[in-house]
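Visitor: First the structure, which I've put down as structure tokens, then a few questions once you've had a look.
Every number here is computed from the coordinates shown, using simple stated rules; none is lab data. Because the structure is predicted, anything quoted here is derived from the model rather than measured. Please note: Cβ atoms are built from the backbone with ideal geometry, for glycine as well, and neighbour counts cover all protein chains shown.
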Amino acid sequence: MARLELSSNEAACELKPVEQPSSAVPLVVHFENVTKTYDAGTSRAFTAIRDVTFAIEDKAGIGEFIGVLGPSGCGKSTVLRLIAGLAPQHPATTGSVLVHGQPVEEPGPDRGFVFQDYANFPHRTVLENVEFGLECAHVPEKERRERAREWIQKVGLDAVKDAGKYPHQLSGGMNQRVAIARSLIMHPKIILMDEPFGALDPTTRYRMQDLLVSLWRELEATVFFITHDVSEAVYLGDRVFLFSSAPGTIVHQLHVAPPDRPARQMQNEPGFLESVRQVRALMEKVDVENGGKEAAS
Ligand SMILES: Nc1ncnc2c1ncn2[C@@H]1O[C@H](COP(=O)(O)OP(=O)(O)OP(=O)(O)O)[C@@H](O)[C@H]1O
Ligand SMILES: [Mg+2]
């Protein structure tokens, strides 16, 4: 696996090697040679990911933001669901999936998942959706309502006017805010986001990116964020994982500049656009190499 660093300041963008994490540093998430074959041992057996290996270090007071890019069907959701411990992706067929040094056995409140389709409960109001996790954790009603209202405000919704609405009364962007609040109210140390902004218009998307950056800084969580939008991955990520087509494996890990300016501003700067161009070129190269391998096999 190639490990590269893409520094993306205004003046220049260059690729540099990235150092391997030292074995002494504790890891938040560690995949070692993880392979997932669905329906293994049957005639329908299909290997979605092969030998996926990566390590996210546990740095005091900072969570790393990982953007995940790769062609459709290369196993990105499979990787996220393995971290979450969600079946049938979990368990891996071979290899080890460790979270905070322990093998993943099942989902837990330390890992929050935000799905592309929002997955809010249709029969619950905004407030009831946001407080759901606290309700499951038996937090008393008064406290959980207060905390839910706080989170409704944090994601830019109105704690009075919007709290009583049902998901079908909300726009896509509003529903996505509810889904984010519902997950982050539990203060997960790891946030798993599977194409959460895919259905949003560009302006709403910029706003959601800014919101996510500020919430991420506040929670100091490690974030895995799948997207098909190269600009989004380069903007949000500290690091970008580039997957090959199925069976997916990480072919490049790129270090990119952190999102320290508003999304709309930074994503229109020349240095940033150059980084995006370089990542696109790498993705095309991976596609061509994969196509060559498929033709030869
Ligand atoms: N439960 C399952 N049983 C059998 N095959 C599956 C299952 N889940 C996923 N797959 C297959 O594994 C491959 C990887 O799926 P996955 O959903 O992880 O891809 P992805 O990279 O997230 O794709 P996309 O970008 O389209 O969301 C696909 O070919 C998919 O059809
Ligand atoms: Mg997917």
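Visitor: Any chance you could list P(r) for segment 157-297, counting all Cα-Cα pairs in 10 angstrom bins from zero, rounded to whole %?
Guide: Per 10 Å bin, starting at zero, the Cα-Cα P(r) for segment 157-297 comes out as 10, 36, 32, 16, 6, 1, 0 percent.
Visitor: When all alpha-carbon pairs of the chain are counted, what percent fall beyond 29 Å?
Guide: Result for the distance tail: 36 percent.
Visitor: Determine ³J(HN,Hα), in whole Hz, for all residues of segment 254-266 in sequence, where each value follows from phi through the Karplus function 6.51 cos²θ - 1.76 cosθ + 1.60 and θ = phi - 60°; x replaces Gly and Pro.
Guide: The phi angles translate into 10, 8, 10, 5, x, x, 9, 9, x, 3, 4, 5, 5 Hz.
Visitor: Looking at the chain, identify the longest residue range that excludes and avoids all GluC sites (Glu not before Pro) in DSSP loops having at most 14 other Cβ atoms within 10 Å.
Guide: 106-219
Visitor: Please return the longest stretch of the chain lacking exposed loop sites, where trypsin sites (Lys or Arg not before Pro) count only if DSSP places them in a loop and at most 14 other Cβ atoms lie within 10 Å.
Guide: Of all site-free stretches, the longest is 162-297.
Visitor: I'd like to know which of ILE180, GLY70, LEU236 lies farthest towards the positive end of the charge dipole of the chain, counting +1 on Cβ of Lys and Arg and -1 on Cβ of Asp and Glu.
Guide: ILE180
Visitor: Next question, about the same structure. Got the relative contact order for segment 121-187 handy, in percent, Cα pairs under 8 Å and 6 or more residues apart?
Guide: 48
Visitor: In nm², what is the average projected area of the convex hull enclosing the Cα atoms of segment 121-187?
Guide: 3.9
Visitor: If you don't mind, another one. What is the gain in length, in nm to one decimal, between ASP260 and HIS138 on full extension, counting 0.36 nm per residue of separation less the C-alpha to C-alpha distance?
Guide: Additional length available on full extension: 40.1 nm.
Visitor: Restricting to DSSP H runs of at least four residues, report the calculated mean residue ellipticity at 222 nm for the chain, -39500 (n - 2.57) per run over all residues, nearest 500 deg cm²/dmol.
Guide: -10500 deg cm²/dmol
Visitor: Which net charge results for the neighbourhood of GLY173, defined as the other residues with beta-carbon distances under 10 angstrom from its beta-carbon, given Lys and Arg at +1 and Asp and Glu at -1?
Guide: Surrounding charge for GLY173 is +2.
Visitor: Between the alpha-carbon centers of segment 245-294 and segment 206-233, tell me the distance in whole angstrom.
Guide: If we compute the Cα centre of each part, the gap is 16 Å.
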